[in-house]
1. Could you sort 143-151, 168-176, 121-129 so that the peptide with the highest average Cβ count within 10 Å comes first and the rest follow in order?
2. With the cut-off at 1.5 for a/c, could you classify segment 149-216 from its C-alpha gyration tensor as rounded, prolate or oblate?
3. Extending each Cα 7 Å along its Cβ direction at ILE124 and VAL199, get the distance between those two points in nm, one decimal.
4. Work out how much length GLN186 to ALA157 would gain on full extension: take 0.36 nm times their residue separation and subtract the Cα-Cα distance, in nm to one decimal.
5. Ignoring ligands, DNA and RNA, please state the percent of accessible area on segment 137-178 from carbon and sulfur, probe 1.4 Å.
6. Tell me which residues come under 5 Å, amide H to amide H, from GLN32 once H is placed; ignore anything under 5 positions away on its chain.
7. May I ask you to derive the FRET efficiency for ASP33 and ARG109 from their Cβ-Cβ distance with R0 = 30 Å, giving the value to the nearest 0.05?
8. Let me make sure I get this right: for segment 101-200, a, b and c are the square roots of the gyration tensor eigenvalues over alpha carbons, sorted descending. Under 1.5 in a/c it's rounded, otherwise prolate if a/b > b/c, else oblate. Which is it?
Amino acid sequence: MTLRGGILAGVTAVALMASGGVLASALNDLPQDAVPIQDPTATLNRQTPAQTAPVEPAPEAAPAPTTPIAVTPPAPSIVVAEIDKEEPKEEAEAAPAVARPAAPAAPARRQRRRVAIVEAIDKITAESMRFEVEVGGRPVRFQKTLIFTARACEVSAPDEQVADAVAYLEVSLQPRGVMQVNEPRQIFRGWMFASSPGVSGLQHPIYDAWIVGCKA
């Protein structure tokens, strides 16, 4: 093999490696089809509380007496305070100490999860699906048109009264075809709350979507 042939072979190998990396990156950015799941999410929206200590049984009471017992109240005792006239009264009494209120405890922080669980419905065909969207991962396509991308997913802290899940989602429209000529058109971007899907969910003439929960 000549020197020129070796150089050409090396350049060709480098070009193939570079094109392979670009192709892998492009494939990673392409949306994947949604896969239905059946995982219950009612227990995923709150942190796992610590197990409480077992409750000790109450002590048994003494049996009641069979005959009534007469109770005589003691005679009241009267105490006469003696005033010492020779000692002068203090000019000013010491001010009582004011108890300072305890500082409020810092609220617990919400924990972030790795997977957001989304439910979407096609209002024309009445087809619905519950599927997973990985936070920071590949987008997920629903019904060959709707594309979901998750940026964050959090669950409520133990000191919160309502068990909730909050996710930041981006939803786009792009019909699936052989040649992707048009860029995806974004129709939603923001936070979705599992406790209020009718307020924070996606409302579209054809599709509805909302967050169901978060999964580690």
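The values are calculated or read from the model by the stated rules, or taken from the named source; none is laboratory data. Everything numeric here is computed off the predicted structure, so don't read it as measured data. Positions of Cβ are generated from backbone atoms using ideal geometry, with glycine treated the same way; all protein chains shown enter the neighbour counts. In case anyone asks, the SASA skips ligands and DNA or RNA and just uses the protein heavy atoms, side chains included. Shrake-Rupley method; radii C 1.70, N 1.55, O 1.52, S 1.80 Å.
1. 143-151, 168-176, 121-129
2. Taking the square roots of the gyration eigenvalues as a ≥ b ≥ c, segment 149-216 is prolate.
3. 3.2
4. Roughly 7.3 nm would be gained on extension.
5. For segment 137-178, the apolar C and S fraction of the accessible surface comes to 47 percent.
6. Correct list: VAL140, ARG141.
7. 0.30
8. It comes out prolate by the Cα gyration axes.
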